[in-house]
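Below is one structure, written out as structure tokens, with a few remarks after it.
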Amino acid sequence: MPTAPEDRYHYQIIRRAIEEIDAAETPLALDELAARMGLSTAHFQRLFSAWAGISPKRYQQYLGLGRAREMLRARETLLETAAATGLSGPGRLHDLVLRWDAMRPGELARGGEGLRIDWALCPSPYGPALVMATAHGICGIAFTAETGAPAAQADLRARWPAARYHEDPQRILPLAEAAFAGRRTEAHVMGGPFQIKVWEALLQIPEGQVTSYSALAGAIGHPGASRAIGSAVGRNPLSLLIPCHRVLRKDGALGGYHWGLPVKRAMLARESARTEAAA
């Protein structure tokens, strides 16, 4: 795993490349993209493939709007079908051992009073990350390249403002490395009952697939509640582990992402590549 300075440097290069790809009306050739980044073709290809998991050419193929619409049409009813037939969640990249804490309004208002949360800044495949954990496992993951570490700290701490926070890289770094590598990960998920219901539904979306906010609303028995669903998705504290990045707008557009759209794009591209390779 790269060091923090390398992590930030690589992220900024790929972020610029993704912006160039997004702005282009037609796919960009590899040598043109590399030249725009000020890198040799070979160096850029290696860097992009290491960060996004696939080549720039395949990345553009995976994340075109037509591809997203095709994925949505194929999987629009996946969550409803799973709910109706009682199917358990499909196989996923991460081996998660989850502890769910659905808190009542009074408990939420106390904001983590009496809770100890350890934290550290860690490298990740998607740029620098802030990782937090209670005694029961990882409780928060934020990607900081877009917002900066102080803003990410403030964002996560606002969820549990009364908790006691301790910087503890010795404990957190091994937990983060296992989580980002897809190895067995213990996670502690805290939120209101409605949020928990939405986050549980997110875990039903298979890797390499996507759904829409409206399909998610239907799957949990709240059709027409897309706005509330969007709010709960945006409040997901465990980025990547609970895959809120797999939710798109109804028209197939990627929409936003709390920690930066380049991160969402890279997650989806990497997962699409893994799914195709496994098939």
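Quick notes
- Breaking point among (1) over 14 Å from the mean Cα position of the chain (by Cα); (2) touching a residue at least 60 places away in the same chain (Cβ under 8 Å); (3) more than 13 Å from HIS166 (Cα to Cα); (4) outside any loop (DSSP other than H, G, I, E, B), for GLY112: (4)
- Answer residue from region 5-52, given it is touching a helix residue (DSSP H, G or I) at 6+ places or on another chain (Cβ under 8 Å) and not in a helix (DSSP H, G or I) and is surrounded by the fewest Cβ atoms within 10 Å (Cβ to Cβ) among those: SER40
- Residue within region 88-101 that is of a type in the set (S, T, N, Q) and modelled with pLDDT under 55 present: yes
- Top-ranked residue in region 197-237 [being of a type in the set (D, E, K, R) and part of a loop (DSSP other than H, G, I, E, B); ranked as nearest to VAL131 (Cα to Cα)]: ARG235
- Matching residues in region 208-241 - criterion: being crowded, with 20+ Cβ neighbours inside 10 Å and in contact with a Pro (Cβ under 8 Å, 6 or more places away or on another chain): ALA217
- When region 137-185 is filtered for residues that are assigned to a strand (DSSP E or B) and crowded, with 18+ Cβ neighbours inside 10 Å, the ones remaining, listed by number, are GLY137, ILE138, CYS139, GLY140, ILE141, ALA142, PHE143, THR185.
The values are calculated or read from the model by the stated rules, or taken from the named source; none is laboratory data. What you see is a predicted model; the values in this text were computed from it and never measured. As a convention, Cβ positions derive from the backbone with ideal geometry for all residues, glycine included, and neighbour counts pool all protein chains shown.
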